[in-house]
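**Student:** Have a look at this one before I ask anything.
Just so it is clear, none of the values below were taken in a lab; they were calculated from the coordinates. Only a predicted model underlies this, so the values are computations on that prediction, with no experimental measurement involved. For neighbour counting, all protein chains shown are included, and Cβ atoms are generated from backbone atoms with ideal geometry for every residue, glycine included.
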């Protein structure tokens with residue numbers, strides 16, 4: 001009987017936590033934060049990312065900080081919390097932490113700040129120098145206008161799937177040397193270029209042949225998927 005009660009309690013807790021979290025598109029997220037003045041808007045990226053641009057009236061609490069849970073517990077659990085990061089990974093984890101901590105309403109923006117800015121929505125705090133830094137479009141065109149097949153990997157140091165695949169990328173770079181040019185580009189250092197190329201999440205893999213984009217892949221890919229993609233275009 002005790003085992004059944006514990007199981008029932010566990011299931012009930014899981015359902016409550018799940019129901020407290022709602023994923024919204026950037027458009028839905030925008031409508032909510034503009035029409036509800038009682039919200040708490042959290043940017044869970046790093047302070048460096050936050051300084052380069054953020055949503056108006058947002059509070060920066062870095063999800064990667066060891067005391068993140070303690071910091072969010074200082075917020076009002078009876079008021080809705082809206083959370084975002086760069087592409088959705090950290091905000092999803094943060095939303096789960098908030099729900100587990102007893103917040104009744106937690107809203108997570110799907111696609112994060114990348115999707116928000118690519119849709120042309122308003123931000124504050126960004127500067128022209130931040131926007132213009134990184135590889136130019138001209139240099140990128142020179143890179144992909146190679147006689148070889150070119151695979152471009154847009155990654156970020158904080159992106160778990162990106163880091164998971166880096167050993168595979170390094171392995172393929174060595175094995176396909178002379179046949180395929182593989183280049184990794186740090187999203188954080190090349191935001192203007194990423195926006196121009198419509199890179200709206202990381203990792204994003206762009207495959208070029210004779211200077212033309214022939215394939216775009218997003219998210220976690222297996223080594224076999226990479227090999228199939230490369231071999232079919234050699």
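**Student:** Assuming R0 = 35 Å, can you tell me the calculated FRET efficiency for the pair residue 28 and residue 160, based on Cβ-Cβ distance, to the nearest 0.05?
**Tutor:** Given R0 = 35 Å and the Cβ-Cβ separation, E is 0.85.
**Student:** Under a crude label model (7 Å from the Cα following the beta-carbon direction), how far is residue 224 from residue 189 in nanometres?
**Tutor:** Each label point is offset 7 Å from its Cα along the Cβ direction, giving 3.5 nm.
**Student:** Here is a further query. Rounded to whole Å, give me the distance from the Cα center of the range 23-85 to that of the range 199-213.
**Tutor:** 31
**Student:** Figure the gain on full extension for residue 216 and residue 133 (residue separation times 0.36 nm, minus the Cα-Cα span) and round it to one decimal in nm.
**Tutor:** 27.5 nm
**Student:** In a Gaussian network model over the chain where Cα atoms closer than 10 Å are linked, find which of 43, 186, 76 has the largest mean-square fluctuation.
**Tutor:** In this elastic network of the chain, the residue with the biggest mean-square fluctuation among 43, 186, 76 is 76.
**Student:** Distance in nm between label sites at residue 36 and residue 209, each 7 Å beyond Cα in the beta-carbon direction?
**Tutor:** About 4.8 nm, to one decimal.
**Student:** Out of all DSSP beta bridges in the chain, what portion is antiparallel? Express it as a percent rounded to 5.
**Tutor:** Rounded to the nearest five, the antiparallel share is 40 percent.
**Student:** Now for a separate question. Measure off 7 Å from each Cα along the Cα-to-Cβ vector at residue 56 and residue 119, then give the distance between these two points in nanometres to one decimal.
**Tutor:** Distance between the two pseudo-spin positions: 1.7 nm.
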